[in-house]
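The values are calculated or read from the model by the stated rules, or taken from the named source; none is laboratory data. Just so it is clear, the model here is predicted, and its values are computed rather than measured. Glycine also receives a Cβ, built like all others from the backbone with ideal geometry; neighbour counts cover every protein chain displayed.
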Amino acid sequence: MTEISSSGKPSRRRFIGILAGLSISVAIIPTTYFFFRKRKKEIPLTSRSLIKGDFKFFSPYQATVIDEVTSLIIPTDEDPGAREAGVVFELDRIIAKSSNLKKQYTKGIEWLDYMAEKISDKESFLDLTSDEKIKILKIADSGRTSLTHKAYLFIRYRGIIPAVRFFSTIKRQTFEVFYTSEMGWKMVGYQGPPQWAGHLDYHNCP
């Protein structure tokens, strides 16, 4: 029976109970949504074929998403970009050695797909246009998002922080991997570390 105060309004205890119930509902609904959504994503419906390779950590789907993100960070124009340099394969090797990076990238990919659905009602980040993908990456880069998104992400990811951390990490690692590769060296005109050519005047020694 609902507790009623002498004024005919719900009592303070009843009011607190209602607030507690709402809080639990808000916490459960997003978690349930992501649980079923994650199962649905096991076979993503994307408009692109998935990358094939002997990955140590990434699934083919995860690798394709990361390849797309890195190609937006260092795009292909008149010069080769991250995709041509095979950045995703080197990132996979690096991430496989770190439990922290595994969590960052896994949550980051989930967040990209979540934002794809919220912004464009698409199943996957891969199904977005280039402009839509860049829009999402800009949100992760700056941490800007609507109050509704912040509340929703806070429940699932403890705020926007994991997304910001993920993009900061992938941006830094993409540049590191690309510009330490042979292709990256050629881009900046670096011929590689000097190689010992032997004693050039050895034949003149007595």
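Summary of values
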item: Total residues in region 99-144, condition over 15 Å from the mean Cα position of the chain (by Cα), in a helix (DSSP H, G or I) and among the β-branched types (V, I, T); result: 1
item: Yes/no for L72 being closer than 18 Å to T174 by Cα, at pLDDT 95 or above, in a helix (DSSP H, G or I) and not aromatic (F, W, Y); result: yes
item: The lone exception for G81 - which of (1) at pLDDT 95 or above; (2) surrounded by 18 or more Cβ atoms within 10 Å (Cβ to Cβ) it fails; result: (1)
